[in-house]
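Below is one structure, written out as structure tokens; the observations come after it.
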Amino acid sequence: LLNRLKDHSLVREEMLVGGTWQKEGTGAERIEVRNPSTLEILASLPSAGLDDVRVAIDVAKKAQKSWAARSGKDRASIMRKFYDFVVENADDLAVILTSEMGKPLAEARGEVAYGASYIEWFGEEAKRVYGDTIPGHHADKRLLVLKQPVGVVAAIAPWNFPSAMVARKVAPALASGCAIIFKPAAETPLSALALAILAERAGVPSGLFSVLPTRNARMFGAEVCSNPIVKKLTFTGSTEVGRILMAQGAQKIMKLSLELGGNAPFIVFDDADLDEAVEGAMLSKFRNAGQTCVCANRLYVQSGIYDKFVEKLASRVAGLKVSDGFDDGATIGPLINDEAVTKLYDHIEDAVSRGASVVVGGKRHESGGTFVQPTLLSGATKDMKVAREETFAPLAPVFKFGSVDEVIDLANDTEFGLAAYFYANDLRNVWKVTEALEYGMIGVNTGLISTEVAPFGGVKQSGFGREGSKYGMDDFLSMKYVCLGGI
Ligand code: ADP
């Protein structure tokens, strides 16, 4: 890993606890970070224990008070430096990301730039935390609404976007005047630590942003959900773990943002532009090897365009290049671990046993390890696992449908409600489907929807809270109504 970096100091085998870099944690074990492509051990990190988490929380409490007292402009100027450092070091950050997570280097670069855009955006927003004045209900009263930072925030993130997840959570927290204790996934802590190094260099005050990798995620969750100093938890991960955290947070009526699982439908109507729909499906389904929560999971194609769509998509899927993320032209890296591979083949076998046909792929990849063949299935039906569960792998199951109402019912027939996509040109149909889909985000005639300027988040069991946009700051602020009497 170090050979590929320009700045070796961006990889430290330490964790950042309340402003102190520590070589050892109070957790007994260590975290061996592996490259999922080569299985090479990249780093050996300490694993945070309960005492480390408590120290980070206590230090954050003090640091947060003075940070919140500074002007928005002051915070913005430090965040601008943080953003500039991320951009200047983007190549190294991308190398770290590809090394620990496996995605193709070009995608890693894209992720780093995307993450940086949140730091830039929220830094700018730091100056725009407006309150309100409300015309009073009595002649002698004046009413105001103040917005104040919630205080110390905890964050728990998954491994699929090791860099962007940090930026998406840390940027609004810092911009709004909060402190943040960040727990990366044990698979991918190096990107989070590298960003913490850059934040420190940019002048983010000591103790405000801790990064605590740990083998004991349960301990971390239980502590931040019960410690009275921590006022909010922002979590991205599975619905299952989100449910556990929500139950734990209920003890202290904790403020939560939960960005949980998805099961995105991707619908192609007969009047769609076929080439654009195929392009959108490729981006939405195969980016990050299908390991994103907004990935198209179910492709519904109307009967009139079905055969042509499957044929065109098949030639594109067959053209994907599966290889190590550092290889030229790689488009699909390894999956994160063996369980991911097992789940993929379980979904394929289940679908085939219920009547689906394999159009492309379907087998293990010759490179071995966690490399898999990108797979296209036709003839998928609603009784298959691919219809109900998030596959989180490069598998595109295509379902055939007849009418608009039928596909709306099929698309909404899931407990999830994160992202949905459709391709159509009839204006009335576009509007009808947009309104009918029970999802937090809709892509119409596009397979890519994520941007820092728009609100990212779900409904139903995909969670609540929004990341990015002018709304994203609200998750880190409390509203205080002030009634001034006797005027
Ligand atoms: P994924 O399938 O994407 O790994 P998880 O929900 O299992 O999703 O993990 C997302 C994050 O939640 C990771 O950082 C993981 O360590 C953490 N996590 C898992 N279980 C718990 C738990 N019981 N309490 C707190 N955090 C947890």
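The values are calculated or read from the model by the stated rules, or taken from the named source; none is laboratory data. Since the model is a prediction, treat every value here as computed from it, not as a measurement. Backbone-built Cβ (ideal geometry, glycine too); neighbour counts: all protein chains shown.
Number of residues in the range 239-276 that are away from the ligand (no atom under 16 Å from the Cβ) and either on the phi > 0 side of the Ramachandran plot or outside any helix (DSSP H, G or I) (or both): the value is 11.
Is the range 57-64 home to any residue that is touching a residue at least 24 places away in the same chain (Cβ under 8 Å) and touching a helix residue (DSSP H, G or I) at 6+ places or on another chain (Cβ under 7 Å)?
Our first condition is that a residue be touching a residue at least 24 places away in the same chain (Cβ under 8 Å); within the range 57-64, this holds for 57-64.
Subsequent filtering for residues that are touching a helix residue (DSSP H, G or I) at 6+ places or on another chain (Cβ under 7 Å) retains none.
No.
Number of residues in the range 113-160 that are within 16 Å of the ligand (Cβ to nearest atom), touching a Gly at 6+ places or on another chain (Cβ under 9 Å) and not aliphatic (A, V, I, L, M) equals 1. Any residue that is at pLDDT 95 or above, assigned to a helix (DSSP H, G or I) and not charged (D, E, K, R) - is there at least one of those in the range 41-50? Taking every residue of the range 41-50 in turn, at least one turns out to be at pLDDT 95 or above, assigned to a helix (DSSP H, G or I) and not charged (D, E, K, R). Among the residues of the range 346-362, those identified as in contact (Cβ under 8 Å) with a residue 12 or more places away in the chain and either over 20 Å from ALA289 (Cβ atoms) or of a type outside the set (Val, Ile, Thr) (or both) are ASP346, HIS347, ASP350, ALA351, VAL352, ARG354, GLY355, ALA356, SER357, GLY361, GLY362. Here PRO36 meets each of (1) loosely packed, with under 15 Cβ neighbours inside 10 Å; (2) assigned to a loop (DSSP other than H, G, I, E, B) with one exception, condition (1).
Contact map, the range 180-195: residues that are under 16 Å from VAL17 (Cβ atoms) paired with residues that are modelled with pLDDT of 95 or more and of a type in the set (S, T, N, Q), Cβ distance under 6 Å, separation 6+ or inter-chain. Pairs shown: ILE181/SER210. Within the range 57-116, being hydroxyl-bearing (Ser, Thr, Tyr) and either under 19 Å from GLU452 (Cα atoms) or in a loop (DSSP other than H, G, I, E, B) (or both) holds for SER71, SER77, TYR83, TYR114.
Here are some residues: SER403, SER462, SER478. Which one is of a type outside the set (A, V, I, L, M) and over 25 Å from the mean Cα position of the chain (by Cα)? Reasoning before the result, please.
Numbers: SER462 fails: over 25 Å from the mean Cα position of the chain (by Cα); SER478 fails: over 25 Å from the mean Cα position of the chain (by Cα).
Answer to the selection: SER403.
Reported count of residues in the range 227-238, each being more than 16 Å from ASP475 (Cα to Cα) and near the ligand (Cβ under 8 Å from one of its atoms), is 2.
When GLY443 is tested against (1) closer than 21 Å to PHE161 by Cβ; (2) without any contact (Cβ under 8 Å) to a residue 24 or more places away in the chain; (3) in a strand (DSSP E or B), only condition (2) is not met.
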